[in-house]
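Only one structure is covered here, and it is reproduced in the block below.
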Amino acid sequence: QVQLAESGGGLVQAGGSLRLSCAASGRTFGSIMGWFRQAPEKEREFVALISWGSSTTSYANSVKGRFTISRDNSKNTVYLQMNNLKPEDTAVYYCAASFGGGVRSTDFGSWGQGTQVTVSS
């Protein structure tokens, strides 16, 4: 089991940047790490994922070219660099861990508590 804790959320103006961090503990070796987000009254949606060795990344079309996922396994930390933020990026962002494939939220078995990102126009 993997324990996850997100940080780095906050309030930013449109066009600004934020970097989210996710500290992991427990069984992390070989994990695929993902970021999801959930806006009010909307379903949780996939944002990005990264493989254990960082050789594979995947992004939702809505964030491609603006967000970058990375990880430092020596620190058991995953990052989400978010640039050129838009009001529609406003959501609670969740870090998640998986040991299989897929980008559905049901493919990920461990979740953090989430961190709020608010982008003002």
Inset, instruction - Filter segment 1-55 down to residues that are within 10 Å of residue 93 (Cα to Cα) and of a type in the set (Asp, Glu) and give me whichever is surrounded by the most Cβ atoms within 10 Å (Cβ to Cβ). - result: 6
Inset, instruction - Sort out which residues of segment 49-81 are in a strand (DSSP E or B) and closer than 15 Å to residue 100 by Cα, and write them in order of number. - result: 49, 50, 57, 58
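May I ask you to list the residues in segment 57-90 that are among the hydroxyl-bearing types (Ser, Thr, Tyr) and either surrounded by 11 or more Cβ atoms within 10 Å (Cβ to Cβ) or under 11 Å from the mean Cα position of the chain (by Cα) (or both)?
57, 58, 59, 62, 68, 70, 77, 79, 90
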Inset, instruction - Please specify each residue of segment 27-56 satisfying the condition of being touching a residue at least 60 places away in the same chain (Cβ under 8 Å) and of a type in the set (Gly, Ala, Ser). - result: 30, 31, 34
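Mind listing whichever residues of segment 14-25 are outside any loop (DSSP other than H, G, I, E, B) and in contact (Cβ under 8 Å) with a residue 60 or more places away in the chain?
Correct list: 18, 19, 20, 22, 24.
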Legend entry - Count of segment 106-121 residues which are in contact with an Asp or Glu (Cβ under 8 Å, 6 or more places away or on another chain) and open to solvent by 40 Å² or more (accessible area, probe 1.4 Å): 1
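Please go through segment 92-104 and give me each residue that is open to solvent by less than 50 Å² (accessible area, probe 1.4 Å) and closer than 21 Å to residue 27 by Cβ, ordered by number. Give the steps one after another, and end with the answer.
Going residue by residue through segment 92-104, those that are open to solvent by less than 50 Å² (accessible area, probe 1.4 Å) are 92-98, 100, 102.
Listed by number, the residues that qualify are 94, 95, 96, 97, 98, 100, 102.
A quick yes/no check of all residues on (1) of a type outside the set (Asp, Glu); (2) within 23 Å of residue 13 (Cα to Cα):
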position	(1), (2)
32	yes, no
36	yes, yes
41	no, yes
48	yes, yes
57	yes, no
69	yes, yes
76	yes, no
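The values are calculated or read from the model by the stated rules, or taken from the named source; none is laboratory data. Remember, predicted model here, so these are calculated numbers, not experimental data. When we count neighbours, we look across all protein chains shown, and the Cβ atoms used for this are built from the backbone with ideal geometry, even at glycine. Heavy atoms of the whole protein, side chains included, go into the accessibility calculation; ligands, DNA and RNA do not. Shrake-Rupley method; radii C 1.70, N 1.55, O 1.52, S 1.80 Å.
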